[in-house]
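**Student:** One structure follows; several queries about it will come next.
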Amino acid sequence: MTKRNEDLEARLLEKAQLAIREMLDQKGNRHNLTMSEMEKMVGEFETHLCEIVMQELAEDSEPTSQLCPDCGGKLRSKGKRKRKVVTVRGEIEVERDYTICTICGGGYFPPR
């Protein structure tokens, strides 16, 4: 495993442990949860965990090209920007490099 993936794994494990603690705090000392209550709690945990993994993967990815996907012009970095992204698994906020094409002026927040 690469150092980068080891770092990603460590971040994911840390955030997963925190999500588990939050779920257990929500459960409290109750040992008589109904199946419906368990299902709701596990469903919320699943959604939260999916959002965590999606966010970490999105922030870990890099643009595949330094060329504009529309016209082939060179992309110039405009610095980091935050953006909310709605995925099938939920809404996440990622901070990525924002680039602008030097030819057509198109702006890109990878992954596209």
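**Student:** Of these, 99, 34, 87, which one is within 24 Å of residue 14 (Cα to Cα) and of a type outside the set (D, E, K, R)? Don't jump to the end; show me each part of the working.
**Tutor:** Numbers: 99 fails: within 24 Å of residue 14 (Cα to Cα); 34 fails: within 24 Å of residue 14 (Cα to Cα).
Exactly one of 99, 34, 87 is within 24 Å of residue 14 (Cα to Cα) and of a type outside the set (D, E, K, R), namely 87.
**Student:** Of a type in the set (Val, Ile, Thr) and under 21 Å from the mean Cα position of the chain (by Cα): is that true of residue 20 in this structure?
**Tutor:** Yes: the conditions hold for residue 20.
**Student:** Let me ask another. Going by the conditions given, is residue 73 modelled with pLDDT of 85 or more and surrounded by fewer than 12 Cβ atoms within 10 Å (Cβ to Cβ)?
**Tutor:** It is false that residue 73 is modelled with pLDDT of 85 or more and surrounded by fewer than 12 Cβ atoms within 10 Å (Cβ to Cβ).
**Student:** Is the stretch 32-48 home to any residue that is touching a residue at least 12 places away in the same chain (Cβ under 8 Å), surrounded by 12 or more Cβ atoms within 10 Å (Cβ to Cβ), under 16 Å from the mean Cα position of the chain (by Cα) and outside any helix (DSSP H, G or I)?
**Tutor:** no
**Student:** Next question, about the same structure. Among (1) surrounded by 12 or more Cβ atoms within 10 Å (Cβ to Cβ); (2) not in a loop (DSSP other than H, G, I, E, B), there is one condition residue 6 misses while meeting the rest; what is its number?
**Tutor:** (1)
**Student:** Are any of the residues in the stretch 80-87 surrounded by fewer than 12 Cβ atoms within 10 Å (Cβ to Cβ), over 11 Å from the mean Cα position of the chain (by Cα), outside the structural domain of residue 8 (by TED's automatic domain parsing) and not charged (D, E, K, R)?
**Tutor:** no
**Student:** If you take the residues in the stretch 49-78 that are among the aliphatic types (A, V, I, L, M) and either in contact (Cβ under 8 Å) with a residue 12 or more places away in the chain or touching a helix residue (DSSP H, G or I) at 6+ places or on another chain (Cβ under 9 Å) (or both), which one is farthest from residue 11 (Cα to Cα)?
**Tutor:** Applying the first criterion (among the aliphatic types (A, V, I, L, M)) to the stretch 49-78 yields 49, 52-54, 57-58, 67, 75.
Filter once more, so that each one left must be either in contact (Cβ under 8 Å) with a residue 12 or more places away in the chain or touching a helix residue (DSSP H, G or I) at 6+ places or on another chain (Cβ under 9 Å) (or both): 49, 52-54, 57-58, 75.
On the way: 49: 13, 52: 10, 53: 10, 54: 12, 57: 11, 58: 13, 75: 30 Å.
It comes out as 75.
The values are calculated or read from the model by the stated rules, or taken from the named source; none is laboratory data. All of these numbers come straight from a predicted model, not from anything done at the bench. Glycine also receives a Cβ, built like all others from the backbone with ideal geometry; neighbour counts cover every protein chain displayed.
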